[in-house]
Amino acid sequence: MFKNLDGECFGIAGRQNEVVEFALSNGYDGISVDFTDLHSRAAASGVDFAARFLVSAKSLNVGVGRLNFRIDGTDDEFNSDLESLTTIFEIIDAIRGVDKGENRVDHLSIILKPFSDKHAYHDNFELHRTRIGQIADKLAEKSIRLGIGIQAAPSKREGKEFEFVYQPEALITLVKTIGKSNVGISLNTWDWLVGGGALDQLSELSADQIVDVTLTDMPNDVDLTTVSNTDRLMPGAGDSAFCVKVCKWLHENNFAGPITPGPSSSQFSGSSRDAVIHKASNAIDEILVEVGAIEPTISPVAAAAQAAEAAAEAEAAAAAESEGSETEGSETKKDETEAVKS
């Protein structure tokens, strides 16, 4: 497992240089990237321009690569999105061209719209099964996995003509029905719980079927019928029991993908972004330490304090030893003098 930073959660989406800088300075190993947005940048200014910050950040993976494809759109809309993969693959090749190779970009994700104004549920399900299968086949050519996620907040479906997949059980059914070996689940703990999910559904899966994970708490005793996206809390800021259980299961099943803190940016109005991003990094670490996935570490400040204390103790010990030697030497001289006198 490795820590991934999603700039959208902290109000810095769209500014890649800032996301890269915050990730590198706060202990993250990956960042989330909107590849649909990069495609637009590449169309306007070229692939090298679109990929420049990601190419230069050689130590970072693309932990989560988002595709905002119009799965329920018209044939022309979907085919246009599918064709955009040609340019997106050029961007991925540019990123992969340095150091870590394929590991820098090895999975992308699509978050499902939980409604449709045009298609009834069963028609929409079949449309998604077919079209996501087409996307997966294209991604397989580049050895890329595809994670599918849900949006479970009730407000997302309010006033819409037809509901669509927003519950974990339905998501698992869709992924199984698509039937592609490189298609799995993009798991957000908040949406999983709001959609009526629990650890039981995860136990039916293997860790290989989980593509990426977002850890998000919700307020204690929240009403799931009225909960909103602004109620997405930092891991550790609310009821973290499910996040801990999920990470324990992931660790026991050797999950090696990205773990992303996923709070709502509305939670941090007026706060220092650097401080909040650092706090989120520590929150993930605390959970991973609790489940035994990583060893406890100390902060640089604490490490410096410990080093200073150890140095002071060593200096005191050396001074005591020196004083003892001087005292012993004085006593020896005194004894020798008294011996001569006698």
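The values are calculated or read from the model by the stated rules, or taken from the named source; none is laboratory data. Everything numeric in this text was worked out from a predicted model, so none of it was measured. Neighbour counts are summed over all protein chains in view; Cβ atoms, including those assigned to glycine, are modelled from backbone coordinates with ideal geometry.
So for region 76-87 (the condition being under 18 Å from the mean Cα position of the chain (by Cα) and part of a loop (DSSP other than H, G, I, E, B)), does at least one residue qualify?
Narrowing region 76-87 to residues under 18 Å from the mean Cα position of the chain (by Cα): none.
The answer is no; no qualifying residue exists.
Can you tell me which residue is farthest from LEU82 (Cα to Cα) among those in region 1-47 that are crowded, with 24+ Cβ neighbours inside 10 Å and of a type in the set (S, T, N, Q)?
My answer is ASN4.
With the checklist (1) farther than 30 Å from ASP75 by Cβ; (2) aliphatic (A, V, I, L, M); (3) modelled with pLDDT of 95 or more in hand, flag the one item LEU174 doesn't pass.
(1)
Considering only region 24-46, how many residues are part of a helix (DSSP H, G or I), free of Cβ contacts under 8 Å to residues at least 60 places away in the same chain and hydrophobic (A, V, I, L, M, F, W, C)?
The number of residues fulfilling the criteria is 5.
Please go through region 153-193 and pick out each residue that is assigned to a helix (DSSP H, G or I) and over 26 Å from MET1 (Cβ atoms).
Residues of region 153-193 that are assigned to a helix (DSSP H, G or I), as a first pass: 154-156, 168-178, 189-193.
If the condition is that a residue be assigned to a helix (DSSP H, G or I) and over 26 Å from MET1 (Cβ atoms), then PRO154, SER155, LYS156, ALA170, THR173, THR177 are the ones that fit.
Every residue, every condition in (1) touching a residue at least 12 places away in the same chain (Cβ under 8 Å); (2) over 23 Å from the mean Cα position of the chain (by Cα); (3) assigned by TED's automatic domain parsing to the domain that holds GLY184, yes or no:
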{"position": "ARG96", "(1), (2), (3)": "no, no, yes"}
{"position": "LYS138", "(1), (2), (3)": "yes, yes, yes"}
{"position": "ALA152", "(1), (2), (3)": "yes, no, yes"}
{"position": "LEU171", "(1), (2), (3)": "yes, no, yes"}
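All but one of (1) more than 21 Å from SER116 (Cβ to Cβ); (2) among the charged types (D, E, K, R); (3) buried (at least 24 other Cβ atoms within 10 Å of the Cβ); (4) touching a helix residue (DSSP H, G or I) at 6+ places or on another chain (Cβ under 9 Å) hold for ARG145, so report the exception by its number.
Of the numbered conditions (1) more than 21 Å from SER116 (Cβ to Cβ); (2) among the charged types (D, E, K, R); (3) buried (at least 24 other Cβ atoms within 10 Å of the Cβ); (4) touching a helix residue (DSSP H, G or I) at 6+ places or on another chain (Cβ under 9 Å), the odd one out for ARG145 is (3).
Take the residues in region 194-214 that are hydroxyl-bearing (Ser, Thr, Tyr) and either part of a helix (DSSP H, G or I) or more than 16 Å from the chain's Cα centre (by Cα) (or both), then tell me which one is farthest from ILE259 (Cα to Cα). Working first, answer last.
First pass over region 194-214, keeping only residues hydroxyl-bearing (Ser, Thr, Tyr): 203, 206, 214.
Filter again for either part of a helix (DSSP H, G or I) or more than 16 Å from the chain's Cα centre (by Cα) (or both), leaving 203, 206.
Details: SER203: 18, SER206: 17 Å.
Residue satisfying both the conditions and the ranking: SER203.
Against the condition at negative phi and part of a helix (DSSP H, G or I), how does VAL55 come out, does it pass?
yes
Among the listed residues SER264, SER228, SER281, SER272, identify the single one that is at pLDDT 85 or above, more than 28 Å from LEU108 (Cα to Cα) and either among the aliphatic types (A, V, I, L, M) or in the same structural domain as PHE22 (by TED's automatic domain parsing) (or both).
Numbers: SER264 fails: more than 28 Å from LEU108 (Cα to Cα); SER228 fails: more than 28 Å from LEU108 (Cα to Cα); SER281 fails: more than 28 Å from LEU108 (Cα to Cα).
One residue alone meets the criteria, SER272.
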